[in-house]
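Chemist: Could you have a look at this structure, given as C-alpha cells, before my questions?
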Amino acid sequence: MTSPADGCLFCRIVRRELPARVLFEDGRLFAFEDVRPQAPAHFLVVPKEHFASLADIPAGREGLLGEILLRARTIAGEKGLAGSGYRIVLNTGAEAGQSVFHIHFHVLGGRPLGWPPG
Ligand code: AMP
C-alpha cells in the first residue's frame with residue numbers, strides 16, 4: 001500500500017534516503033540546511049510525521065507545532081542569530097509560495113530581512 005509519505009521529498013530526507021546537511025534529529029523532529037539558502041543562515045525544521053501543510057495539522061497537535069518553534073529557536077541560537085534576530089516562515093499553500101508539501105518552518109537570518117516579504 002502506498003502513502004503520501006512514500007514519494008515525499010522531505011520524508012525521504014528524514015529517512016536519509018536523500019542527502020542533507022542535518023542540524024538536529026530526535027524522535028519527532030528533523031532540521032536541515034536549505035539547499036538554496038535565501039540568507040546566510042537558512043535552515044528548515046520539519047516534523048518527521050508527514051503533514052502536507054499547516055492546513056493538515058489536526059486539532060490536538062499544538063504541542064508538535066510548539067516543539068518545532070522552540071527547536072527553531074534553539075538552533076538559531078546555536079548559529080549565533082539570537083542577538084541579531086531571525087525570521088521563521090511557514091508558507092502554507094501554493095499562492096503563499098509553498099513548493100514542498102511536507103510542512104516545514106524556514107528559519108532565516110544573518111542579514112537584514114525586508115518587510116513586507118515577497
Ligand atoms: P517552500 O517553497 O516554502 O515549500 O520551501 C521549500 C524549501 O525547500 C525551499 O527553500 C527549497 O530550497 C528547499 N529544498 C528543496 N529541496 C531541498 C533539498 N533536497 N534539501 C534541502 N532543502 C530543499
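The values are calculated or read from the model by the stated rules, or taken from the named source; none is laboratory data. Note that this is a predicted model, so its numbers are computed, not measured. Don't worry about glycine lacking a Cβ; one is built from the backbone with ideal geometry, like all the others, and counts go over all protein chains shown. For accessibility, only protein heavy atoms count, side chains too; no ligands or nucleic acids. Shrake-Rupley method; radii C 1.70, N 1.55, O 1.52, S 1.80 Å.
Chemist: Test of the criteria: in the range 55-88, which trypsin sites (Lys or Arg not before Pro) are in a DSSP loop and have at most 16 other Cβ atoms within 10 angstrom of their Cβ?
Modeler: Listed in order of number, the matching sites are Arg61, Lys79.
Chemist: For the range 1-44, just say rounded, prolate or oblate: build the C-alpha gyration tensor, square-root its eigenvalues into a ≥ b ≥ c, call rounded for a/c under 1.5, and beyond that prolate if a/b exceeds b/c, oblate if not.
Modeler: It is prolate, given that a/c is not under 1.5 and a/b is the larger ratio.
Chemist: On full extension of the chain, what length is gained from Asp6 through Arg111, given 0.36 nm per residue of separation minus the C-alpha to C-alpha distance?
Modeler: 34.2 nm
Chemist: I would also like to ask the following. Taking the full set of protein chains and a 1.4 angstrom probe, give the accessible area of Glu25 in square angstrom, rounded to the nearest 10.
Modeler: For Glu25, solvent-accessible area is about 80 Å².
Chemist: Points 7 angstrom from Cα along the Cβ direction at Arg21 and Val100: gap in nanometres?
Modeler: So the label points at Arg21 and Val100 sit 1.4 nm apart.
Chemist: Let me know the shape class of the range 4-109, please: from the alpha-carbon gyration tensor, a ≥ b ≥ c as square roots of the eigenvalues, rounded when a/c is under 1.5, otherwise prolate if a/b is greater than b/c, or oblate.
Modeler: Rounded, since a/c falls under 1.5.
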